[in-house]
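Here the structure comes first, spelled out in C-alpha coordinates, and everything after it is commentary.
The values are calculated or read from the model by the stated rules, or taken from the named source; none is laboratory data. It should be emphasised that the depicted structure is a prediction, and the values quoted were computed from it without experimental measurement. Using ideal geometry, Cβ is built from the backbone for each residue, glycine included, and neighbour counts are taken over all protein chains shown.
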Amino acid sequence: MIDLHTHTNESDGTFSPRELIEAAQSIGLKALAITDHDTLTGYDLAVPHATRADIELVCGVELSIHCRGRSIHLLVYFLRNQPTDDFRQWLLSLQAGRRRRNEALVGKLCSQGMPMTLEEVAARGGKLLARPHFAAVMIEKGYAASRREAFDKYLDESGSCYVPREEPEFEEAIGRIRAAHGIAVLPHPSRIGWSGEQIEPMLGAMCKAGLKGIEVYHSDHSPAEMDFYLHLARKFGITATGGSDFHGATKPGIELATGKEGNLKLPYSILEELRKLP
Ligand code: AMP
Ligand code: ZN
Ligand code: FE
Ligand code: FE
(Lines give C-alpha, C1' and ligand atoms only; values in the text may rest on other atoms or scores of the structure.)
(Ligands and ions follow the chains in the order given, each with its own letter.)
Protein backbone atom coordinates (compact mmCIF):
# COMPACT_ATOMS: atom_id res chain seq x y z
CA MET A 1 0.00 0.00 0.00
CA ILE A 2 1.05 3.59 -0.59
CA ASP A 3 -0.30 7.07 0.22
CA LEU A 4 0.47 10.00 -2.08
CA HIS A 5 -1.29 12.82 -0.21
CA THR A 6 -0.46 13.62 3.42
CA HIS A 7 0.18 16.63 5.65
CA THR A 8 2.49 17.17 8.62
CA ASN A 9 2.51 19.82 11.33
CA GLU A 10 4.74 21.90 9.05
CA SER A 11 1.41 22.86 7.45
CA ASP A 12 -1.99 22.06 8.95
CA GLY A 13 -1.52 18.41 9.93
CA THR A 14 -0.88 17.41 13.53
CA PHE A 15 1.77 14.68 13.08
CA SER A 16 5.40 15.75 13.03
CA PRO A 17 7.33 14.47 9.99
CA ARG A 18 8.91 11.85 12.21
CA GLU A 19 5.56 10.75 13.67
CA LEU A 20 4.10 10.48 10.17
CA ILE A 21 6.95 8.23 9.04
CA GLU A 22 6.50 6.11 12.19
CA ALA A 23 2.76 5.83 11.50
CA ALA A 24 3.50 4.83 7.90
CA GLN A 25 5.99 2.23 9.10
CA SER A 26 3.55 0.81 11.63
CA ILE A 27 0.98 0.05 8.92
CA GLY A 28 3.61 -1.27 6.53
CA LEU A 29 3.43 1.43 3.86
CA LYS A 30 5.85 0.94 1.01
CA ALA A 31 5.79 4.53 -0.21
CA LEU A 32 4.55 7.82 1.21
CA ALA A 33 4.34 11.30 -0.29
CA ILE A 34 4.37 14.29 2.04
CA THR A 35 2.40 17.04 0.36
CA ASP A 36 2.17 19.92 2.81
CA HIS A 37 0.49 23.18 1.80
CA ASP A 38 3.04 25.48 0.14
CA THR A 39 6.07 24.09 2.00
CA LEU A 40 8.68 21.36 1.57
CA THR A 41 9.89 21.57 5.17
CA GLY A 42 7.87 18.55 6.35
CA TYR A 43 9.33 16.48 3.52
CA ASP A 44 12.87 17.73 4.17
CA LEU A 45 12.64 16.86 7.87
CA ALA A 46 11.17 13.42 7.14
CA VAL A 47 13.97 12.29 4.80
CA PRO A 48 16.33 10.81 7.44
CA HIS A 49 13.45 9.10 9.28
CA ALA A 50 12.16 7.55 6.05
CA THR A 51 15.62 6.27 5.20
CA ARG A 52 15.87 4.62 8.60
CA ALA A 53 12.36 3.15 8.31
CA ASP A 54 13.04 1.94 4.76
CA ILE A 55 10.03 3.78 3.39
CA GLU A 56 10.14 5.27 -0.07
CA LEU A 57 9.47 8.94 0.62
CA VAL A 58 8.12 11.01 -2.27
CA CYS A 59 8.75 14.73 -2.32
CA GLY A 60 5.54 16.67 -2.85
CA VAL A 61 3.74 19.90 -2.14
CA GLU A 62 0.11 21.05 -2.37
CA LEU A 63 -0.26 24.51 -3.86
CA SER A 64 -3.23 26.84 -3.64
CA ILE A 65 -3.75 28.45 -7.00
CA HIS A 66 -6.26 30.59 -8.86
CA CYS A 67 -7.97 29.04 -11.84
CA ARG A 68 -10.82 30.64 -13.83
CA GLY A 69 -12.25 32.50 -10.84
CA ARG A 70 -11.77 29.70 -8.34
CA SER A 71 -9.22 28.93 -5.66
CA ILE A 72 -8.13 25.35 -6.16
CA HIS A 73 -5.37 23.02 -5.00
CA LEU A 74 -2.65 21.52 -7.17
CA LEU A 75 -0.39 18.68 -6.09
CA VAL A 76 3.19 18.59 -7.28
CA TYR A 77 5.47 15.56 -7.10
CA PHE A 78 9.20 15.40 -7.65
CA LEU A 79 10.02 11.85 -8.59
CA ARG A 80 13.31 11.97 -10.45
CA ASN A 81 14.90 15.12 -9.17
CA GLN A 82 14.77 17.32 -6.12
CA PRO A 83 12.90 20.62 -6.45
CA THR A 84 15.09 23.31 -7.95
CA ASP A 85 16.31 26.31 -5.94
CA ASP A 86 14.06 28.51 -8.10
CA PHE A 87 11.05 26.43 -7.14
CA ARG A 88 11.94 26.55 -3.45
CA GLN A 89 12.35 30.33 -3.67
CA TRP A 90 8.96 30.59 -5.29
CA LEU A 91 7.40 28.59 -2.43
CA LEU A 92 8.90 31.09 0.02
CA SER A 93 7.16 33.91 -1.84
CA LEU A 94 3.85 32.01 -1.63
CA GLN A 95 4.36 31.60 2.13
CA ALA A 96 4.84 35.37 2.43
CA GLY A 97 1.49 35.86 0.67
CA ARG A 98 -0.10 33.46 3.14
CA ARG A 99 1.31 35.45 6.09
CA ARG A 100 -0.17 38.65 4.68
CA ARG A 101 -3.53 36.88 4.30
CA ASN A 102 -3.30 35.62 7.88
CA GLU A 103 -2.68 39.11 9.25
CA ALA A 104 -5.67 40.44 7.33
CA LEU A 105 -7.80 37.50 8.49
CA VAL A 106 -7.03 38.21 12.16
CA GLY A 107 -8.00 41.84 11.53
CA LYS A 108 -11.29 40.85 9.97
CA LEU A 109 -12.17 38.38 12.73
CA CYS A 110 -11.40 41.03 15.38
CA SER A 111 -13.48 43.63 13.57
CA GLN A 112 -16.43 41.22 13.49
CA GLY A 113 -16.40 40.74 17.27
CA MET A 114 -14.07 37.75 17.50
CA PRO A 115 -10.95 39.15 19.14
CA MET A 116 -7.79 37.07 18.79
CA THR A 117 -4.12 37.55 18.05
CA LEU A 118 -1.88 35.95 15.47
CA GLU A 119 0.19 34.60 18.38
CA GLU A 120 -2.85 32.69 19.66
CA VAL A 121 -3.33 31.17 16.22
CA ALA A 122 0.38 30.39 15.95
CA ALA A 123 0.16 28.44 19.21
CA ARG A 124 -2.16 25.97 17.38
CA GLY A 125 0.21 25.45 14.49
CA GLY A 126 3.77 25.64 13.36
CA LYS A 127 5.48 27.99 10.99
CA LEU A 128 2.78 27.88 8.38
CA LEU A 129 -0.70 28.83 9.52
CA ALA A 130 -3.78 27.73 7.62
CA ARG A 131 -7.45 28.33 8.18
CA PRO A 132 -7.96 25.19 10.32
CA HIS A 133 -5.65 26.80 12.91
CA PHE A 134 -7.93 29.85 12.96
CA ALA A 135 -10.95 27.55 13.29
CA ALA A 136 -9.33 25.89 16.33
CA VAL A 137 -8.95 29.25 18.08
CA MET A 138 -12.51 30.21 17.18
CA ILE A 139 -13.85 27.00 18.71
CA GLU A 140 -11.75 27.42 21.85
CA LYS A 141 -12.94 30.99 22.33
CA GLY A 142 -16.55 29.99 21.74
CA TYR A 143 -16.98 31.93 18.48
CA ALA A 144 -17.97 28.77 16.66
CA ALA A 145 -19.26 25.41 17.88
CA SER A 146 -17.37 23.35 15.32
CA ARG A 147 -14.85 23.54 12.51
CA ARG A 148 -17.73 23.17 10.08
CA GLU A 149 -19.49 26.19 11.55
CA ALA A 150 -16.27 28.22 11.63
CA PHE A 151 -15.72 27.56 7.93
CA ASP A 152 -19.35 27.87 6.82
CA LYS A 153 -20.04 31.13 8.64
CA TYR A 154 -16.67 32.87 8.59
CA LEU A 155 -13.70 31.24 6.88
CA ASP A 156 -14.96 29.76 3.62
CA GLU A 157 -15.16 31.71 0.38
CA SER A 158 -18.77 32.59 1.18
CA GLY A 159 -18.00 33.30 4.86
CA SER A 160 -18.13 36.81 6.29
CA CYS A 161 -14.43 36.95 7.21
CA TYR A 162 -13.01 35.39 4.05
CA VAL A 163 -9.79 37.00 2.90
CA PRO A 164 -8.61 35.96 -0.54
CA ARG A 165 -4.95 35.10 -0.83
CA GLU A 166 -2.68 36.36 -3.56
CA GLU A 167 -2.57 33.08 -5.42
CA PRO A 168 -0.61 32.31 -8.56
CA GLU A 169 -2.62 31.68 -11.71
CA PHE A 170 -2.78 28.09 -12.86
CA GLU A 171 -0.70 28.90 -15.97
CA GLU A 172 2.09 30.44 -13.91
CA ALA A 173 2.07 27.53 -11.46
CA ILE A 174 2.20 24.86 -14.14
CA GLY A 175 4.97 26.73 -15.94
CA ARG A 176 7.05 26.80 -12.76
CA ILE A 177 6.30 23.14 -12.04
CA ARG A 178 7.40 22.12 -15.53
CA ALA A 179 10.54 24.26 -15.30
CA ALA A 180 11.39 22.46 -12.04
CA HIS A 181 10.67 19.04 -13.65
CA GLY A 182 7.81 18.41 -11.24
CA ILE A 183 4.63 16.46 -11.97
CA ALA A 184 1.33 18.33 -11.58
CA VAL A 185 -1.71 16.41 -10.34
CA LEU A 186 -5.21 17.74 -9.68
CA PRO A 187 -6.25 16.69 -6.15
CA HIS A 188 -9.79 16.05 -4.87
CA PRO A 189 -11.51 17.21 -8.10
CA SER A 190 -14.88 16.69 -6.42
CA ARG A 191 -14.17 19.69 -4.18
CA ILE A 192 -13.73 22.20 -7.01
CA GLY A 193 -17.42 22.59 -7.67
CA TRP A 194 -17.23 22.44 -11.46
CA SER A 195 -20.60 21.79 -13.07
CA GLY A 196 -21.18 18.81 -15.32
CA GLU A 197 -20.68 20.95 -18.43
CA GLN A 198 -17.56 22.64 -17.09
CA ILE A 199 -15.53 19.67 -16.01
CA GLU A 200 -14.38 18.27 -19.35
CA PRO A 201 -13.37 21.57 -20.98
CA MET A 202 -11.62 22.68 -17.78
CA LEU A 203 -9.75 19.42 -17.38
CA GLY A 204 -8.93 19.41 -21.09
CA ALA A 205 -7.38 22.86 -20.83
CA MET A 206 -5.39 21.83 -17.77
CA CYS A 207 -4.06 18.73 -19.52
CA LYS A 208 -3.08 20.80 -22.53
CA ALA A 209 -1.11 23.08 -20.20
CA GLY A 210 0.73 20.12 -18.67
CA LEU A 211 -1.42 18.45 -16.00
CA LYS A 212 -0.20 14.85 -15.68
CA GLY A 213 -2.64 13.25 -13.28
CA ILE A 214 -5.90 13.45 -11.39
CA GLU A 215 -6.55 12.22 -7.85
CA VAL A 216 -9.16 9.57 -8.55
CA TYR A 217 -8.82 7.91 -5.13
CA HIS A 218 -9.36 10.31 -2.22
CA SER A 219 -10.91 10.01 1.24
CA ASP A 220 -13.80 12.29 0.23
CA HIS A 221 -14.69 10.37 -2.93
CA SER A 222 -17.60 7.96 -3.12
CA PRO A 223 -17.19 4.82 -5.23
CA ALA A 224 -19.25 6.50 -7.96
CA GLU A 225 -16.95 9.54 -7.92
CA MET A 226 -13.90 7.30 -8.14
CA ASP A 227 -15.44 5.59 -11.19
CA PHE A 228 -16.25 8.94 -12.76
CA TYR A 229 -12.77 10.41 -12.28
CA LEU A 230 -11.13 7.19 -13.44
CA HIS A 231 -13.17 7.46 -16.64
CA LEU A 232 -11.97 11.06 -17.06
CA ALA A 233 -8.34 10.07 -16.39
CA ARG A 234 -8.59 7.50 -19.18
CA LYS A 235 -10.41 9.86 -21.51
CA PHE A 236 -7.74 12.54 -21.13
CA GLY A 237 -4.82 10.09 -21.01
CA ILE A 238 -3.57 11.19 -17.59
CA THR A 239 -2.53 9.11 -14.57
CA ALA A 240 -5.14 8.13 -11.97
CA THR A 241 -3.48 8.86 -8.62
CA GLY A 242 -4.67 8.66 -5.04
CA GLY A 243 -4.04 9.68 -1.48
CA SER A 244 -5.82 9.97 1.84
CA ASP A 245 -5.17 13.68 2.51
CA PHE A 246 -4.28 12.62 6.04
CA HIS A 247 -4.07 15.60 8.46
CA GLY A 248 -4.01 13.77 11.82
CA ALA A 249 -6.37 15.31 14.39
CA THR A 250 -7.14 18.27 12.09
CA LYS A 251 -9.35 15.95 10.04
CA PRO A 252 -10.64 13.19 12.30
CA GLY A 253 -12.03 10.21 10.47
CA ILE A 254 -9.35 10.25 7.78
CA GLU A 255 -6.79 7.49 8.35
CA LEU A 256 -3.37 7.34 6.80
CA ALA A 257 -3.48 5.31 3.56
CA THR A 258 -6.91 3.77 4.19
CA GLY A 259 -8.87 7.02 4.08
CA LYS A 260 -12.43 7.37 5.34
CA GLU A 261 -13.97 4.15 6.67
CA GLY A 262 -11.37 2.20 4.75
CA ASN A 263 -12.37 3.54 1.32
CA LEU A 264 -8.77 3.53 0.00
CA LYS A 265 -6.25 0.83 -0.77
CA LEU A 266 -3.68 2.26 -3.14
CA PRO A 267 -1.35 -0.14 -4.91
CA TYR A 268 2.30 0.62 -5.54
CA SER A 269 1.59 0.50 -9.29
CA ILE A 270 0.17 4.06 -9.06
CA LEU A 271 3.61 5.34 -8.20
CA GLU A 272 5.12 3.22 -10.97
CA GLU A 273 2.69 4.79 -13.44
CA LEU A 274 3.80 8.25 -12.36
CA ARG A 275 7.44 7.26 -12.68
CA LYS A 276 6.86 6.15 -16.27
CA LEU A 277 5.80 9.64 -17.32
CA PRO A 278 8.17 11.23 -19.81
P1 AMP B 1 -5.64 27.70 3.79
O2 AMP B 1 -4.51 27.01 3.06
O3 AMP B 1 -5.19 28.51 4.94
O4 AMP B 1 -6.54 28.44 2.86
O5 AMP B 1 -6.51 26.52 4.44
C6 AMP B 1 -6.75 25.39 3.70
C7 AMP B 1 -7.15 24.29 4.63
O8 AMP B 1 -8.46 24.54 5.10
C9 AMP B 1 -7.17 22.92 3.94
O10 AMP B 1 -6.64 21.92 4.78
C11 AMP B 1 -8.63 22.66 3.75
O12 AMP B 1 -8.92 21.29 3.75
C13 AMP B 1 -9.27 23.38 4.90
N14 AMP B 1 -10.61 23.76 4.49
C15 AMP B 1 -10.95 24.52 3.43
N16 AMP B 1 -12.29 24.67 3.35
C17 AMP B 1 -12.80 23.96 4.38
C18 AMP B 1 -14.14 23.68 4.85
N19 AMP B 1 -15.23 24.17 4.24
N20 AMP B 1 -14.29 22.92 5.96
C21 AMP B 1 -13.23 22.42 6.58
N22 AMP B 1 -11.96 22.62 6.20
C23 AMP B 1 -11.74 23.38 5.12
ZN1 ZN C 1 -4.69 21.03 4.81
FE1 FE D 1 -6.28 20.00 -0.72
FE1 FE E 1 -4.27 18.11 1.16
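Summary of values
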{"item": "Residue satisfying all of: in region 39-73; within 14 Å of ligand 1 (Cβ to nearest atom) and crowded, with 22+ Cβ neighbours inside 10 Å; farthest from the chain's Cα centre (by Cα) among these", "result": "Gly42"}
{"item": "Residue under evaluation Glu62, criteria (1) in contact with a strand residue (DSSP E or B) (Cβ under 7 Å, 6 or more places away or on another chain); (2) of a type outside the set (Gly, Ala, Ser); (3) more than 16 Å from ligand 4 (Cβ to nearest atom), criterion not met", "result": "(3)"}
{"item": "Qualifying residue in region 157-173 (condition: within 16 Å of ligand 4 (Cβ to nearest atom), assigned to a helix (DSSP H, G or I), in contact (Cβ under 8 Å) with a residue 60 or more places away in the chain and not assigned by TED's automatic domain parsing to the domain that holds His66)", "result": "no"}
{"item": "Subset of region 231-255 that is of a type in the set (Val, Ile, Thr) and closer than 26 Å to Leu211 by Cα - its residue that is nearest to ligand 4 (Cβ to nearest atom)", "result": "Thr241"}
{"item": "Qualifying positions in region 43-83 - among the β-branched types (Val, Ile, Thr) and touching a residue at least 12 places away in the same chain (Cβ under 8 Å)", "result": "Ile55, Val58, Val61, Ile65, Ile72, Val76"}
{"item": "Residue match in region 180-192 (condition: of a type in the set (Val, Ile, Thr), closer than 20 Å to Leu91 by Cα and in contact with a Lys or Arg (Cβ under 8 Å, 6 or more places away or on another chain))", "result": "yes"}
{"item": "Within region 177-186, tally of residues that are of a type in the set (D, E, K, R) and either part of a loop (DSSP other than H, G, I, E, B) or in contact (Cβ under 8 Å) with a residue 60 or more places away in the chain (or both)", "result": "0"}
{"item": "Any hit, region 18-25, residues being of a type outside the set (A, V, I, L, M) and within 15 Å of ligand 2 (Cβ to nearest atom)", "result": "no"}
{"item": "Filtered residue count, region 121-147, keeping only those that are surrounded by fewer than 17 Cβ atoms within 10 Å (Cβ to Cβ) and closer than 15 Å to Thr14 by Cα", "result": "3"}
{"item": "Residue within region 187-210 that is part of a strand (DSSP E or B) and either at pLDDT 95 or above or among the aromatic types (Phe, Trp, Tyr) (or both) present", "result": "no"}
{"item": "Where a residue in region 1-26 is in contact (Cβ under 8 Å) with a residue 24 or more places away in the chain and aromatic (Phe, Trp, Tyr) and its partner, wherever it lies, is assigned to a helix (DSSP H, G or I) and more than 14 Å from ligand 1 (Cβ to nearest atom), with Cβ under 8 Å and at least six apart", "result": "Phe15/Ala23"}
{"item": "Selection within region 249-263 - of a type in the set (D, E, K, R), crowded, with 18+ Cβ neighbours inside 10 Å and at pLDDT 95 or above", "result": "Glu255"}
{"item": "Selection count, region 171-191, where residues are within 15 Å of ligand 3 (Cβ to nearest atom) and buried (at least 18 other Cβ atoms within 10 Å of the Cβ)", "result": "7"}
{"item": "Checking Ser222 against (1) among the hydroxyl-bearing types (Ser, Thr, Tyr); (2) in contact with a helix residue (DSSP H, G or I) (Cβ under 9 Å, 6 or more places away or on another chain); (3) surrounded by 17 or more Cβ atoms within 10 Å (Cβ to Cβ), the condition it does not meet", "result": "(3)"}
{"item": "Subset of region 115-149 (residues that are within 9 Å of ligand 1 (Cβ to nearest atom) and either assigned to a helix (DSSP H, G or I) or in contact with a strand residue (DSSP E or B) (Cβ under 7 Å, 6 or more places away or on another chain) (or both))", "result": "Leu128, Ala130, Arg131, Pro132, His133, Phe134, Ala135, Arg147, Arg148"}
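Per-residue answers, yes or no, for (1) surrounded by fewer than 21 Cβ atoms within 10 Å (Cβ to Cβ); (2) within 16 Å of ligand 2 (Cβ to nearest atom); (3) basic (Lys, Arg):
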| position | (1), (2), (3) |
| --- | --- |
| Glu149 | yes, no, no |
| Asp156 | yes, yes, no |
| Ala205 | yes, no, no |
| Glu215 | no, yes, no |
